[in-house]
Structure formats: C-alpha cells, structure tokens
C-alpha cells in the first residue's frame, strides 16, 4: 500500500513537472467542435515547424461553447491563450475586459483593408464604427443553401413545375420562388419533403434562420446606433418575412422542431429534402462521397432576394482574440502575425478554412476551388448580424421565447409575435440604459 | 451527558491504544464534514442570497448594484417564468403519479413466489442505473418519427412525440416514468415484504375480499415508505434538467431548472438567477415540509 502511494506521488510529480516545462512552448486556442477547428489544427501544426511553439486547438460542442468560454473568462482563467469567439460576444468580452485590445495591431498591419470589410465590421470592431478592434477575422461564414440537383434537373419534375407555377424550375433567385419550390417538392407520402430550416430555439440557431428572411425582405432587427427597435423588427417587411419562414416550416420533414446544422446536413445526406439551409462551413461535408451519398447531385446557392430585391444573409463565423488573462500574450501576438500573412491565409483556405483575407477571397483560384466558394464569396459582401451588445444573450432568449411558439407551435400571429418581441427588446435596452 | 455516552471509546480498541481521546475521535469524524458543508453549501447559499438583491453579472467587470427586491418583483411578474412554473408543476404531477402507479404495481406483482424473482428484480432496476443524459439521448432516438422504434412498434406512423408542443411534456414525463419507476418499486417491495403475513391470514379467515385486503391492510402499512419514495421523486422531478434539456427544446417543456440554467449561464444574469434559485428553493422546501407533515401523520396511524 505504501509503495503504491509512493509510486503515485512520483507519477504526479513527473506529470506536474512535464506540464510546466511544456507550458513555455505551448499556446492553446479554444474553439467549438466542428470541421474548421480540425482544419485550424492542421494549419497551426505548420506553425510549430517554423517557430517550435506547439499550438493546440481545444474544442467543445457548440451547445456549451459560449457557457464554457465565459465561465473561464469570469474566473479570470488562463486556460486559453486565444479564443475563436462568436461575433455576438464582442460587446460582452470587450467591455468585460476579457479580450486584449487589438486596435494597434490592426493599424500596424493595416488589417481593416487586408481583411474583407464585412468581416472587419462584424468580427472585429466594437462598438460599431468606433475604430476599436478586438479580434482578427479568422473564419468567415454565413448562411447559404444546398439543393438536390438531380431533383431539380429531372425532366418530368421540370415539366410539372412549369405547368403548375408558370416558370422554369431552377435554384431560387427570390424567396417567393423558394416557397414555391419547397411546396412543390413537399410530398410526405413519398417520404420526400420541401426544405430543411433551422428551428432549434437554443442560443442563436433558429434566430439565424429567421434573420435570413428578415434581412432579405429589407427589414432590420433595429437601429444598431440608437437601439430603436419599434418600427424595425415589427415592420410590415419583417412580419411578412416571419410569416414566410413559418410557411417554410410547413414544408419540413416530420419532427423538424429542434434542428440546427447537423440535422440540416442530414436532410440532404438522407435524401429527405429538396433544399436545405446551412452555414457554408458545413458544405465541405456535403461534397464528400463518404459522408454524403448524394454528393455528386448536391448544388449550392446564396440566400435568395426578398420581394423588394434586397438580398442579404445572416452572418456566422468568428474572429480570433487574445484572452487578457493569458500570460503568453506576446507569443499569441507573434502567432497572429504569422496567421495573417498572405501565404498562411492561402494555406488556410486550401485546408478548408473560410478565410476572411480579401486578397485570397477574391482570387480566381479560391472562387473556383469548390462549387460553393463563388456563392460564399458573393455572400460575404452582403451579410448582416445579430446585436453584438453585452446583453445579446438576453435578446436571443426573448427572440426564442417569442418566435418559436409562433413558428413551431402555431401560437398567435406574426404581427403579435414581432410586436411582443419589440417590447421585450425595448425593455432590455432600457434596463441597460441604452435608451431612455 | 449524552455526548460522553456516544463518544466513549472501547477500551481495547486501536484508537484507544494510540492514546486518542474520545473528543479527538469525534472531531476527526465531524470537522471535515462540517467544513465541507460550510465551504461548499452554506457559504455559496448565503453569498448568492446577497447577490439576489443586486444586478450583478458575472460576465462583466461592472460592480454589483443593490436593487432591493427588484429581481424578485420582476421574476414573479414575468409571464414566461409563470409558464415555467406551471409546466414544472404539471410535469411533477404526471411523472410522480406515473412512477407510483407503475412502480407500486410492479412491486405487487413481484411480491409473491415466482421463479427467477431476484434476476427479474435486478433487470427491472437497470433503467435507474443509467445516466440521465444517456437516457435522454437514446429516448430521443426511440421517439424519432422517421426511424424511431416506438412509432414502428405501436404503428403510429409519423407521430411527433417531441416536435408536437402539446405532446412533448408527456413524452419527457414518460421517459422519466420509465427511468424511475424501478426506484418506487424497490422501496415498495421493501414495504410490502415487511407486512406481517398473519394479517393476511386473518383477513382470509374473515373472508375479506382482495380489494378490502389491499385498501385496509396492504396500503396503510406500505404508505409511510411509499411517502418517502414520493418525497424523493418529487424533489428530483422538480429539479429535472439534463434529461428534459436533451430530449426537447419546446417552450412547453422548459422546466424551471432549464430556465434557471439559461438565465445563469447563457445570459449571465447572476443576480437575477440567484433570486430565481431562491424562489425555487423556498418552493421545494415548502412542498417537502407538507409531505413530511403528512408522512408523520401517516406514521402515527
């Protein structure tokens, strides 16, 4: 017993010593668990070859990413040196003192021009138009659509569609066409359904889906400078957008009431739906024959335009920030310098990362690399995002509480829903002293 | 006086040989427990009581501002919070009633001489040995309208157990009943086997019917232990989080624990969620007290 105990102590001592000796040459980046994080690990392995510093990408499932990151921040913990945080966190993390101010780094490397404008605006700057930067745009992302090319190009389907709707069946250019096509392919008795959309009411999943409609219908969540929401989120365009999103829900497969990116990719891989909404980051899996038996028949299109011709998409994606409690900020800055260089950004794109680097993004090489890169390139210039204020989570909760019962539970009307949401948001902004 | 009786050491014991006093032994056992309790239970409890009167948010550096009873006022006036309470009450009633009926029924069936009784009892207890999260995950698959075995077995077609807002809470409660009925069964079985056999013999001699025997002999004698099972299950059902959180995200299944988690760790409204936790605590203590009073009454009979 005693010898066992001695061995145990010796083992623990060795462990403790080796971890401290490693710590000097090790940087930890925290991100959510998804393909881009694996691509980033591949990329940073190359940094070790150049610098000798090992970089580890630590991940956690999306559902507790926010909770885990902020728990660490609130405890002033140094477990992570850098974090690839969501765009909505900028307000909370910058005003909370969790992120290192990168404004000088930004101007020194002229990043406002090196990176695509939309990514700088939404992933890096807080407050809006302040010229203060907190992150380096790392993974550009937005919501796009995938569809079944073989269903769309079937001559019999094309003829039937034309007869019913009076125009040719093709990837939709407008939301009206999207609704027609979803209705056309919705055939529950054939186990075929129209469309897959986001309906998960935790965090920002369903809200991102509804945003796609709201933005393209020409409406906004509110005025990001005055925090006025009445007349924006409950405007006739926004109400119409919500009504049409609910109509789309009627064309989803059975049980489509808690769905996010996993289920929406499954809708295509399982051959369930004609079209599916998802982040561009998840499209590589749809082109992989090993994960999608319909890979050869899968096509992609950007979020369609609304009735007024406006065309926008909800922004996903993240910037990489330095955690202010890390004792390796200098090494982290050196890493970021390497990360933003032209060659590394090009390599990042090759590995499957969605670079925000303007030069790489607009190169023909990138745009022709995959069937969806062109749609991604175009989308990244017309993206809009959710509120990035510190109280964004409360705004999301209110949105989930109001939108979900209407879309999935068929409660109330779209106008009532949006009016109630406007009242909730007004109360929250008032509570934090943003409005009178 | 009583203490000296409790703490008196056996003169021949090893502790006595080492020269440890009665008091030292007592302290050795009690002090770590008390310290643990104070550090991890009492202190956070009081600390969060303080927070519940402030607008503190753990995610910011802003100092906590005293807001008096504002948090409590807001919570008790919020329509969504009341919805969470109603949902939880409904859930507790359905799930505990279901567990008592199923669990007690199983105990009655097992309380006789049948072959392989031990093995059957052990197998029936398997569900409660699983982790709540695991149960949630695989019942989600069982309920799936496209490939779930429940719809297939019952011939329900594409019936939406978890996507239909009106059915989802029952589906979650059903899972809870499946998981925890064995617990009620186990306690009932212990109660049933303690009922003296001669009472039944006497009832038989008096030609009492089986219903009469059940209501006049079995039930009153098992009642105290059944009440304990109900207390435990009510408290647990009140706190249900993981299983419901994994199974469904319907607003109709948002139990108070889920709402509390979201408020505390997604929105980081630390002050307000502390107040919420206190409201829940007071409710659970009150309900438990009612039960315990009733339990004592039952015992007196």
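The values are calculated or read from the model by the stated rules, or taken from the named source; none is laboratory data. Remember, predicted model here, so these are calculated numbers, not experimental data. A quick note on method: Cβ atoms are made from the backbone with ideal geometry, for glycine too, and the neighbour counts reach across all protein chains shown.
Under the condition of being in a helix (DSSP H, G or I), within 14 Å of chain B (Cβ to nearest Cβ) and in contact with a helix residue (DSSP H, G or I) (Cβ under 6 Å, 6 or more places away or on another chain), the residues counted in region A:405-424 number 7. In region A:250-268 there is at least one residue that is more than 14 Å from chain B (Cβ to nearest Cβ) and surrounded by fewer than 22 Cβ atoms within 10 Å (Cβ to Cβ).
The set of residues in region B:54-74 being away from chain A (no Cβ under 14 Å) and more than 30 Å from residue A:324 (Cβ to Cβ) consists of B:68, B:69, B:72.
Does region B:257-272 include one or more residues that are under 14 Å from the mean Cα position of the chain (by Cα), within 19 Å of residue B:135 (Cα to Cα) and not assigned by TED's automatic domain parsing to the domain that holds residue B:44? Scanning region B:257-272 turns up at least one residue that is under 14 Å from the mean Cα position of the chain (by Cα), within 19 Å of residue B:135 (Cα to Cα) and not assigned by TED's automatic domain parsing to the domain that holds residue B:44. Scanning region B:270-289 for residues that are within 14 Å of chain A (Cβ to nearest Cβ) and out of contact with any strand residue (DSSP E or B) (no Cβ under 8 Å at 6 or more places or on another chain) gives B:270, B:272, B:273, B:276.
Per-residue answers, yes or no, for (1) modelled with pLDDT of 90 or more; (2) under 25 Å from residue B:189 (Cα atoms); (3) more than 14 Å from chain A (Cβ to nearest Cβ):
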| residue | (1), (2), (3) |
| --- | --- |
| B:225 | yes, yes, yes |
| B:228 | yes, yes, yes |
| B:233 | yes, yes, yes |
| B:244 | yes, no, no |
| B:268 | no, no, no |
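The single condition among (1) more than 21 Å from residue B:50 (Cα to Cα); (2) modelled with pLDDT of 90 or more that residue B:257 does not satisfy is (1). Taking helices (runs of 4 or more DSSP H) as the structural unit, those lying wholly within region B:49-133 and holding at least 3 residues that are farther than 28 Å from residue A:67 by Cβ, in the same structural domain as residue B:196 (by TED's automatic domain parsing) and out of contact with any helix residue (DSSP H, G or I) (no Cβ under 6 Å at 6 or more places or on another chain) correspond to B:79-110, B:117-124. Taking the numbered list (1) surrounded by fewer than 22 Cβ atoms within 10 Å (Cβ to Cβ); (2) under 29 Å from residue A:255 (Cβ atoms) in turn, residue B:235 passes all entries but (2). Within region A:70-93, which residues are within 11 Å of another protein chain (Cβ to nearest Cβ) and touching a strand residue (DSSP E or B) at 6+ places or on another chain (Cβ under 6 Å)? Listed by number, the list holds a single entry, A:93. Report yes if some residue within region B:156-166 is more than 14 Å from chain A (Cβ to nearest Cβ) and either surrounded by 14 or more Cβ atoms within 10 Å (Cβ to Cβ) or free of Cβ contacts under 8 Å to residues at least 24 places away in the same chain (or both); otherwise report no. The answer is no; no qualifying residue exists. Would you confirm whether any residue within region A:28-51 is at pLDDT below 90 and surrounded by 17 or more Cβ atoms within 10 Å (Cβ to Cβ)? Scanning region A:28-51 turns up at least one residue that is at pLDDT below 90 and surrounded by 17 or more Cβ atoms within 10 Å (Cβ to Cβ). Of everything listed in (1) assigned to a helix (DSSP H, G or I); (2) without any contact (Cβ under 8 Å) to a residue 60 or more places away in the chain; (3) in contact with a strand residue (DSSP E or B) (Cβ under 7 Å, 6 or more places away or on another chain); (4) away from chain B (no Cβ under 14 Å), the single unmet condition for residue A:57 is (1). A residue that is in the same structural domain as residue A:95 (by TED's automatic domain parsing), part of a loop (DSSP other than H, G, I, E, B) and more than 17 Å from residue A:136 (Cβ to Cβ) can be found somewhere in region A:349-357.
Scanning region A:63-74 for residues that are over 25 Å from residue A:337 (Cα atoms), touching a helix residue (DSSP H, G or I) at 6+ places or on another chain (Cβ under 9 Å) and in contact (Cβ under 8 Å) with a residue 60 or more places away in the chain yields a count of 1. Checking every residue in region B:112-123 against the condition of being surrounded by 12 or more Cβ atoms within 10 Å (Cβ to Cβ), touching a residue at least 60 places away in the same chain (Cβ under 8 Å) and closer than 30 Å to residue A:200 by Cα gives zero matches. Checking each residue in region B:248-266 for being within 12 Å of another protein chain (Cβ to nearest Cβ) and over 22 Å from residue B:174 (Cα atoms) picks out B:261, B:262, B:263, B:264, B:265, B:266.
Taking the criterion of being surrounded by fewer than 24 Cβ atoms within 10 Å (Cβ to Cβ), touching a residue at least 60 places away in the same chain (Cβ under 8 Å) and not in a helix (DSSP H, G or I), the residues of region A:89-101 that qualify are A:96, A:97, A:100. Identify all residues within region A:362-384 that are in contact with a helix residue (DSSP H, G or I) (Cβ under 6 Å, 6 or more places away or on another chain), buried (at least 17 other Cβ atoms within 10 Å of the Cβ) and in a helix (DSSP H, G or I); write none if there are none. Scanning region A:362-384 gives A:366, A:373, A:376, A:377.
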